[in-house]
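Some notes on the structure that comes next.
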Amino acid sequence: MDVTVKGLTFEPYLTRDEIAKQVKRVASEIKRDCTTECPIFVCVLNGAFMFAADLYRAIDMPLSEITFIRYKSYDGTQSSGKVKKIMGLIENVEGREVIIIEDIVDTGHTAKMLRDDIAAYNPKSVKMASLLFKPESLKVGQAPEYTAFEIPPKFILGYGLDLDELARGMDEIYVLKNKD
């Protein structure tokens, strides 16, 4: 069923079952690749909170830690091209494995800034897990090490992703419907 947010119509794109299956796959890959029992997961608010919660539970590493940071780069349905740090990292990550949990990697500007900012604290490693990745839109940086879905360069929302802070709570992902 289509949904309308701020006058724009979105159609179903990824179901909750498809999302859950890929979250489990990504969790398994991360757990397999971790070389320590206590990595630190850094959730990028606000968009990644649902993915981070599901992923963190699925990874099931009792000695791991999760923390939160907030960066913003979207204005409406478009990336602004400018990344603003709203809330930075306060935990000590020196010598630790860090896995950044992001909702979407689009142009790569935010992902690159996140990696660079965290690398300045001398972690053992920095990797990124992203729910969504738009390879055709990547302009800077690198692809995430862990990706649940590669998608075309279309605007999506739901499962934490928003349109001007609206529609984050939907448990499925919707794509902006083409106007015919």
* May I ask you to list the residues in the stretch 152-161 that are touching a residue at least 60 places away in the same chain (Cβ under 8 Å) and assigned to a loop (DSSP other than H, G, I, E, B)? => 155, 159, 160
* Asked: Restricting to the stretch 162-177, what's the tally of residues that are outside any loop (DSSP other than H, G, I, E, B) and either without any contact (Cβ under 8 Å) to a residue 24 or more places away in the chain or more than 16 Å from residue 9 (Cβ to Cβ) (or both)?
  -> 0
* Identity of the residue in the stretch 104-145, of a type in the set (Lys, Arg) and touching a residue at least 60 places away in the same chain (Cβ under 8 Å), that ends up surrounded by the most Cβ atoms within 10 Å (Cβ to Cβ) -> 127
* Asked: If we keep just the residues of the stretch 69-103 that are surrounded by 11 or more Cβ atoms within 10 Å (Cβ to Cβ) and basic (Lys, Arg), which is modelled with the highest pLDDT?
  -> 96
* Asked: For the stretch 26-46, does any single residue satisfy the condition of being of a type outside the set (Val, Ile, Thr), surrounded by 19 or more Cβ atoms within 10 Å (Cβ to Cβ) and part of a helix (DSSP H, G or I)?
  -> yes
* Pairs with Cβ under 6 Å, 6+ apart, first in the stretch 53-76 and over 14 Å from residue 99 (Cα atoms), second crowded, with 17+ Cβ neighbours inside 10 Å and modelled with pLDDT of 95 or more -> 54/23; 58/23; 58/27
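The values are calculated or read from the model by the stated rules, or taken from the named source; none is laboratory data. It should be emphasised that the depicted structure is a prediction, and the values quoted were computed from it without experimental measurement. Cβ sites come from the backbone with ideal geometry, for glycine too, and all protein chains shown count toward neighbours.
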